[in-house]
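Just below is one structure, and these are the notes that go with it.
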There are 2 protein chains.
Amino acid sequence: MSYLPVWLRDYRRADFSHDLVASATLLVLLVPQGLAYALLAGLPPQAGLYASIAPVLVYALFGSSATLSVGPAALPSLMTATALAGLAVPGSAAWIALAGAVALLSGLLRVVLAWLRFGFVANFLSQSVVGGFVAGSAVLIVLSQSPQLFGLTAHGATAWQIAVSLVHALPGYNPSALALSAAALVLLLVGKRWLRPLLQRLGLPAARADLAAKAFPIVVVVLGGLVVQLGQLPVRVVGALPNGLPPLSWPLIDLAGLQAIWPAVLAIALVGFVDSYSLAQSLALKRRETVEPDRELFALGAANTAAGLTGGFPVSASFGRSAANELAGARTQLAGVLAAGWMALLLLGFTELFASLPLAVLAATIVTAVSQMIDLSVLKLAWRYDRRDALVYLTTAACVLLLGVVDAILLGVGLSLALFIWRTSQPHLAVLGRVPGTEHYRNILRYEAVTEPDILAVRVDESLYFANIRFVRAALVALLRERPATRQLLLVLSAVNAIDVSALQGLRELNRGLREQGVQLHLAVVKGPVMDQLKQSGFLDELSGAVHLSTHAAMQALKAGENSDFII
Amino acid sequence: MSYLPVWLRDYRRADFSHDLVASATLLVLLVPQGLAYALLAGLPPQAGLYASIAPVLVYALFGSSATLSVGPAALPSLMTATALAGLAVPGSAAWIALAGAVALLSGLLRVVLAWLRFGFVANFLSQSVVGGFVAGSAVLIVLSQSPQLFGLTAHGATAWQIAVSLVHALPGYNPSALALSAAALVLLLVGKRWLRPLLQRLGLPAARADLAAKAFPIVVVVLGGLVVQLGQLPVRVVGALPNGLPPLSWPLIDLAGLQAIWPAVLAIALVGFVDSYSLAQSLALKRRETVEPDRELFALGAANTAAGLTGGFPVSASFGRSAANELAGARTQLAGVLAAGWMALLLLGFTELFASLPLAVLAATIVTAVSQMIDLSVLKLAWRYDRRDALVYLTTAACVLLLGVVDAILLGVGLSLALFIWRTSQPHLAVLGRVPGTEHYRNILRYEAVTEPDILAVRVDESLYFANIRFVRAALVALLRERPATRQLLLVLSAVNAIDVSALQGLRELNRGLREQGVQLHLAVVKGPVMDQLKQSGFLDELSGAVHLSTHAAMQALKAGENSDFII
């Protein structure tokens, strides 16, 4: 029984009606999104519907989030399209096989990484990298969908290539398609802005009004289909889809193809995971649950493997659908499972319903959906809070547009790690003085604090390691030179969480050098784990001074000329 | 006047006799070392003498260390030899030009980097990387000199290539050379071990005895020359050297050569600088001086540029010579300048003195000199102190032998940075309790400390940033789940030196998620710079709890049910 997913083991009958309602909401969102994201990925529309069945079931089986909606999503679709640009003709059998292979391989890779407990890699994508990446991607998606708005096709992996391709094709635009997409855009934007308050004023409860506004795109898409059918408009439509369940298929590709797609496989595995994991984590926080990264990595890998084997393409968690799912009252993953069931029923006998849906209107739904992915609040906050983070955001966004999505991720991660190391390599040092009348010692530059003429107390605000020990030593020597009367140097290590071997050697040399000048070196507020290591290394026997429990105890002992070893 | 080097501006007449004595010591060391390191670098012997003149003068002009001896050294010679292996025939005109180009380019590169204030890069080579690199290089040097001990030549860039080359050549060994080198090795080892105590017992003061022992190699080399000349032994000797000062030459190389040598140029620039800078720093510490990294980088770059333009090869600071220079009483760089003058005199009229010095004996002096470069104490300490540092040491040493010196440096730096990031990405969290009868709060796992049932105080032992905020959040949620009665979570930030934007967002989400569960989030002991940033970001307005000056103040306020904002 323990092989069953948690939610199924403890399933309560009372949850069923909630999950049933939520499943209808999910279906209403999955149909237009599946068709549109397949379009974005350069695949036939049914691929998006296929990707809404097996991956959903597999995630429900292994995933830990109750309400996360896995399936077609904007980012992996865009990444697939840009990764395959130039390798095959979009929509061709080769393209379909390559997209399936990307899903399968990025899925298997995640399963292997989960087994190796590599879920922690998610932590190395900072908010700024993800924010810049998503913003850049959203612009790229709008750009890649704009040809469809004009009834055209245009391809390319970078913003520049797509723009050039679009400009070349623009003279042959389709007026009917343009009219349809313009009308759809206006409707969608108006609906997004005013539908919810309108429905609320008409007496609908807030949650229901919100849900109706979220499901509004399907109304626009159905309207578009009706207009095309009634008006016999000459625009590209979804067309006849094959009836029947998703095919079981093994996407075969050759070695050259494999070499060409592996950076994209890696990037999709990483980005898809981070995106889904962050979402699962923020959903879980509300319920005081924890999400285990390795388990999520495995579940998402299995879902993508399933997508690759059933005619789909890379899938991920969708923020919008997950939020709507929660809003619709979903209690467990059964909502997703039921929605997959409805989708299978549609595929078995009702695909002609989709035939006359116009691609221009589907593109318009993508454009309005992704425009809300551009979250400038992260950038604004970063700009105010720490310019370096803003730099990472902007660099990553620019790289997405100019270099491509894979390079952008690697560059963003590299840059943010480099900035972190840069910061820790030049730590803040504070000369401490006593706040008069208290036992507190504070930075003399920030407080009216009193120092002793022959004792210099310095707090080091960073763990000591190879990249900063030379800096710290040079800074301490400079401080000592400014205060030639110093006979005792007290290092307050309250903020030093670790000391590596290089730093230990640096401290040794400092201790030796100071002793030759007749200056004693003392330590205070040494943390437990650091103390254990220092004891074991023998450094404490060499130390010319002593280790003190607190800054105050140290100052008292030094002023009294004592030298007893109060060890924490 | 301010263009003059510091030591010259304030030169005291009393220092002159000291510098004069030291200059003789330097000369006695520079002659055999120059000849031997030129041999190691695959260059004609005079290159080592040329490299002892202009670079010394240029360093004296720009460098900040009073006693550092710049000139021919083991590491850059080895790196030159391995970098050029396969590009030309050792000793050929093409090889000489390439070696000069490496010196010139690594010099100019350092000058440019100094101008860009890139001296801080020295900090990114940890003791373990440098220790492993030097140990691996020493083994490689011994291996590359062993053919000379047998009167043979063998080449290659890696340990494996050299060993294979040696084994193939071994049947043709030269018995006279082997006898000479064996005798020299025994003499050098005996001298190194027993000469100093012997001289001391004979009544020499300790410092003089030490100095004599350091200069002993020249006695062995001269003895070797006499034996060869008197016995007419058929071994390879230094031979006739051109009389005259070093030639001014511009080492011309083509683009293909440039592409082949640039990784070596980069590695020599980096390693040479780190090596010299560390040495200069430890010499300066004794005098309470600071060494400015950018100035040292510039001085070393200028010295190498000079070496490249005057028929030399890459130079660096020599640990042994610098120590002997100090021991001989050198007060300023004038000692080096005078030694360069004596060397120029030798080159002008006395080169026939070197003609019969046997290469096998020079090789023996290198082997004994570099064997003391293998400092296993760093490895032993690392093994005891932190296995990860030991891993870095061993990996770097193994890479030097198996992959080559350039890859080894890059790999070592990458590995040590990765380990640092890995450690900071999984910070230590301590649940705090009150030590009974005090106002101190300590880790409840280490101390008998008392906690409150509805208040959870946690100290985070690391700065919060993107790579660890998810870990910290998950750990806090797990702690809260273990203690369902918790109504107040107090984060003690005494060891948090920075909070980046990603971590700020993580704290925001934590605060929001906890509020939904009715748990208040409080902060205590927030550092000044962090407090400034948090205030500015607006987070403190959102915070469900308050910011407290100390852990004790926070616990008192929380127990009393107060919620006043004591802001540091």
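What follows draws every value from the coordinates through simple rules; no lab data is involved. Only a predicted model underlies this, so the values are computations on that prediction, with no experimental measurement involved. For neighbour counting, all protein chains shown are included, and Cβ atoms are generated from backbone atoms with ideal geometry for every residue, glycine included.
Suppose we look only past 19 Å in the calculated P(r) of segment A:429-560. What percent of the Cα-Cα pairs does that tail hold?
Roughly 44 percent, rounded to a whole number.
Across the Cα atoms of the protein assembly as shown, what radius of gyration and what greatest pairwise Cα-Cα distance (Dmax) are found, in Å?
When restricted to the Cα atoms of the protein assembly as shown, Rg and Dmax are 35.8, 117 Å.
Please state the shape class of segment B:6-420: rounded when a/c is under 1.5, otherwise prolate if a/b exceeds b/c and oblate if not, all from the C-alpha gyration tensor.
Taking the square roots of the gyration eigenvalues as a ≥ b ≥ c, segment B:6-420 is rounded.
Mind checking the mean number of beta-carbon atoms from other chains within 10 Å of the Cβ atoms in A:452-465?
Partner-chain Cβ atoms within 10 Å, mean over residues of A:452-465: 2.
Quick one: P(r) of segment B:68-201 from all Cα-Cα pairs, 5 Å bins, percents rounded to integers, in order of increasing distance.
Percent of Cα pairs in each bin: 2, 8, 12, 15, 18, 16, 12, 8, 6, 3, 0.
List, shortest first and in nm to one decimal, how far the label point of A:Y173 (7 Å from Cα along Cα→Cβ) is from its counterparts in the other copies.
Shortest to longest, the spacings are 8.5 nm.
Which distance in Å, rounded to a whole number, links the C-alpha centroids of segment B:155-190 and segment B:339-401?
The distance from the Cα centre of segment B:155-190 to that of segment B:339-401 comes to 17 Å.
Counting alpha carbon pairs within less than 8 Å and at least 6 residues apart, what relative contact order, in whole percent, applies to segment B:429-560?
22
For the Cα atoms of chain B, what angle does the longest principal axis make with the long axis of helix B:293-309, in degrees from 0 to 90, nearest 10?
So the helix axis and the longest Cα principal axis differ by about 30 degrees.
Give me the percent relative contact order of chain A, please, defined on Cα pairs under 8 angstrom at least 6 residues apart.
22
Per residue, how big is the convex hull of segment A:230-304 when only Cα atoms are used? Give it in Å³.
232
Sorting check: for A:255-262, A:417-424, B:150-157, which peptide has the highest mean count of neighbouring beta carbons within 10 Å, and how do the rest follow?
Top of the packing list down: B:150-157, A:417-424, A:255-262.
Can you pull out the trypsin sites (Lys or Arg not before Pro) in segment B:86-195 whose DSSP state is coil and whose Cβ has at most 10 other Cβ atoms within 10 Å?
Within segment B:86-195, the qualifying trypsin sites (Lys or Arg not before Pro) (loop, at most 10 other Cβ atoms within 10 Å) are B:R117.
I'd like the per residue volume of the convex hull spanned by the Cα atoms of segment B:126-282, given in cubic angstrom.
215
If you fit an axis through the alpha-carbon atoms of helix A:255-286 and take the longest principal axis of the Cα set of chain A, what angle between them do you get, 0 to 90°, nearest 10?
70
Give the percent of DSSP beta bridges with both residues in the protein assembly as shown that are antiparallel, rounded to the nearest 5.
Beta bridges within the protein assembly as shown, antiparallel portion: roughly 40 percent.
State, to one decimal in nm and shortest first, how far the label point of A:H552 sits from each corresponding label point in the other identical copies (label point: 7 angstrom along Cα-to-Cβ).
0.5
Among the trypsin sites (Lys or Arg not before Pro) in segment B:4-95, which ones are in a DSSP loop with at most 16 other Cβ atoms within 10 Å of the Cβ? Mind listing them?
Those satisfying the criteria are B:R12, B:R13.
Please enumerate, by chain and number, the aspartates and glutamates with C-alpha under 20 Å from the C-alpha of A:K214, excluding those fewer than 8 residues away in the same chain.
A:D19, A:E326, A:D375
Helix A:127-149 sits at what angle to the longest principal axis of chain A, using alpha carbons and giving 0 to 90 degrees rounded to 10?
With both axes taken from Cα atoms, the answer is about 20 degrees.
Over the whole of A:379-389, what's the average partner chain Cβ count within 10 Å per residue? Rounded to a whole number, please.
4
State, to one decimal in nm and shortest first, how far the label point of B:W160 sits from each corresponding label point in the other identical copies (label point: 7 angstrom along Cα-to-Cβ).
4.1
Taking the Cα atoms of segment A:273-342 alone, what are Rg (to one decimal) and Dmax (as a whole number) in Å?
12.6, 37
For peptide B:114-120, how many partner chain Cβ atoms fall within 10 Å of a residue's Cβ, on average?
Other-chain Cβ atoms within 10 Å of each residue's Cβ, averaged: 1.
Return B:S52, A:S23 ranked ascending by Cβ neighbour count within 10 Å, so the fewest neighbours appear first.
A:S23, B:S52
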